[in-house]
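The values are calculated or read from the model by the stated rules, or taken from the named source; none is laboratory data. Because the structure is predicted, anything quoted here is derived from the model rather than measured. Virtual Cβ from ideal backbone geometry, glycine too; neighbours counted across all protein chains shown.
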Ligand SMILES: Cc1ncc(C[n+]2csc(CCOP(=O)(O)OP(=O)(O)O)c2C)c(N)n1
Ligand SMILES: [Mg+2]
């Protein structure tokens, strides 16, 4: 069993090195050329969506936005191991996973545009809406997993949290319950080294986040989160375990947030450029690109065409939203409860009065 073969304290499970070479041949997933290109394209899709959103925000055309730049392999690789029927329970920085699970870009941009309809997933897309209250989604994931056991279904739940989220009580409660009740959940920590300005070393005295698995009595693994193959392979094994009734697994994806926390943040205040430069050398897209080039699967020209095509699609989708996406005031209040409780009715009325000229 692989998880037990890896040291939770320092050894990163890795298949693809930063030069794009395979260093762990026996763990390499057997992807077809088509699959390799699909994964690469999705990582670029995610990055272009981010870059465009950042520029729209700077132009005053988008609200706050949380970019994923640098974390594409952690998200795309892990989500690709899921079946269509498996549930994805995200936090708020899992763009690559949403894309793999089939969330339309329109939904993603609508959400960040402040429109509740962004959270309205198409019927066959098993993805919960973004969860901003840190780590709360881990509880939802375990709840879905427990329901799955009660109903005798065979689906798995994959959920994500940040390094900062591991300090929350919700994190502890979710992992504890999941292990005790043998719930089919894969817990992924995207350790991007920061929780806004708080560095990972100030988050916990534990040497790694993966080691927390031991305390809860479940397998864990510390993965190079910038290696799309390692992320796929570790998540696939965790999903297979869960589906076989062997319970939850904890995966620490060791990665880096190359950009700001959100568009309201300025990371130059709390971290050195030299650190960012070092991590740019480990860029998950660059590493994957080198691999594809070694294999002769993608020329520079094909890559440029692919990026141009994605860019066009992203711009088209955003402009469509911008042109016809009025947010209904009621929507902000309507979806918390089945019927709106009096205190929300009151707040809604107060807000309407305010917009009508302020009482
Ligand atoms: C319960 C709660 N407290 C505080 C916040 C404000 N907040 C938003 S993101 C964030 C940091 C999260 O860091 P991490 O879990 O590492 O995720 P990352 O942003 O790095 O992806 C905080 C404190 C919140 N959203 N919810
Ligand atoms: Mg973080």
Quiz item: (1) within 16 Å of ligand 2 (Cβ to nearest atom); (2) part of a helix (DSSP H, G or I); (3) exposed (fewer than 14 other Cβ atoms within 10 Å of the Cβ): which one isn't true of residue 264, the others all being true?
Solution: (2)
Quiz prompt | Single match in 37, 110, 63 (criterion: assigned to a helix (DSSP H, G or I) and more than 18 Å from the chain's Cα centre (by Cα)) | solution = 37
Quiz item: What number of residues within the range 178-188 are in contact with a helix residue (DSSP H, G or I) (Cβ under 6 Å, 6 or more places away or on another chain) and under 30 Å from residue 258 (Cβ atoms)?
Solution: 3
Exercise. Give 177, 229 a once-over and let me know the one that is assigned to a helix (DSSP H, G or I), touching a strand residue (DSSP E or B) at 6+ places or on another chain (Cβ under 6 Å) and in the same structural domain as residue 89 (by TED's automatic domain parsing).
Key: 229
Quiz prompt | Cβ-Cβ under 7 Å pairs, at least 6 apart or on other chains, the range 144-155 side over 19 Å from residue 128 (Cα atoms), far side in a loop (DSSP other than H, G, I, E, B) | solution = none
Quiz item: Given the structure, is residue 174 over 19 Å from the mean Cα position of the chain (by Cα), surrounded by 23 or more Cβ atoms within 10 Å (Cβ to Cβ) and either in contact (Cβ under 8 Å) with a residue 40 or more places away in the chain or closer than 27 Å to residue 254 by Cβ (or both)?
Solution: no
Quiz item: Taking into account only those residues within the range 189-205 that are assigned to a loop (DSSP other than H, G, I, E, B) and surrounded by 15 or more Cβ atoms within 10 Å (Cβ to Cβ), which is farthest from ligand 1 (Cβ to nearest atom)?
Solution: 204
Quiz item: farther than 23 Å from residue 129 by Cα, loosely packed, with under 14 Cβ neighbours inside 10 Å, at pLDDT 95 or above and over 28 Å from the mean Cα position of the chain (by Cα) - does that describe any residue in the range 305-320?
Solution: no
Quiz prompt | residue 161 being touching a strand residue (DSSP E or B) at 6+ places or on another chain (Cβ under 7 Å) and away from ligand 2 (no atom under 16 Å from the Cβ) | solution = no
Quiz item: Among 123, 202, which is the only one that is within 16 Å of ligand 2 (Cβ to nearest atom), free of Cβ contacts under 8 Å to residues at least 40 places away in the same chain, out of contact with any helix residue (DSSP H, G or I) (no Cβ under 8 Å at 6 or more places or on another chain) and more than 21 Å from residue 249 (Cβ to Cβ)?
Solution: 202
Exercise. Would you mind telling me which numbered condition in (1) more than 22 Å from residue 56 (Cβ to Cβ); (2) surrounded by 24 or more Cβ atoms within 10 Å (Cβ to Cβ) residue 95 fails?
Key: (1)
Practice problem: Could you please give the count of residues in the range 296-325 that are outside any helix (DSSP H, G or I) and touching a residue at least 12 places away in the same chain (Cβ under 8 Å)? | Solution: 3
Quiz item: In the range 116-128, what residues are surrounded by fewer than 19 Cβ atoms within 10 Å (Cβ to Cβ) and more than 15 Å from the chain's Cα centre (by Cα)?
Solution: 116, 117, 119, 120, 121, 122, 123, 124, 125
Quiz item: Quick one: residue 131 ticks every box in (1) in contact (Cβ under 8 Å) with a residue 60 or more places away in the chain; (2) within 13 Å of the chain's Cα centre (by Cα); (3) under 22 Å from residue 238 (Cβ atoms) bar one, so which box is it?
Solution: (1)
Self-check item: residue 225 being crowded, with 24+ Cβ neighbours inside 10 Å, within 20 Å of residue 12 (Cα to Cα) and within 16 Å of ligand 2 (Cβ to nearest atom)
Solution: yes
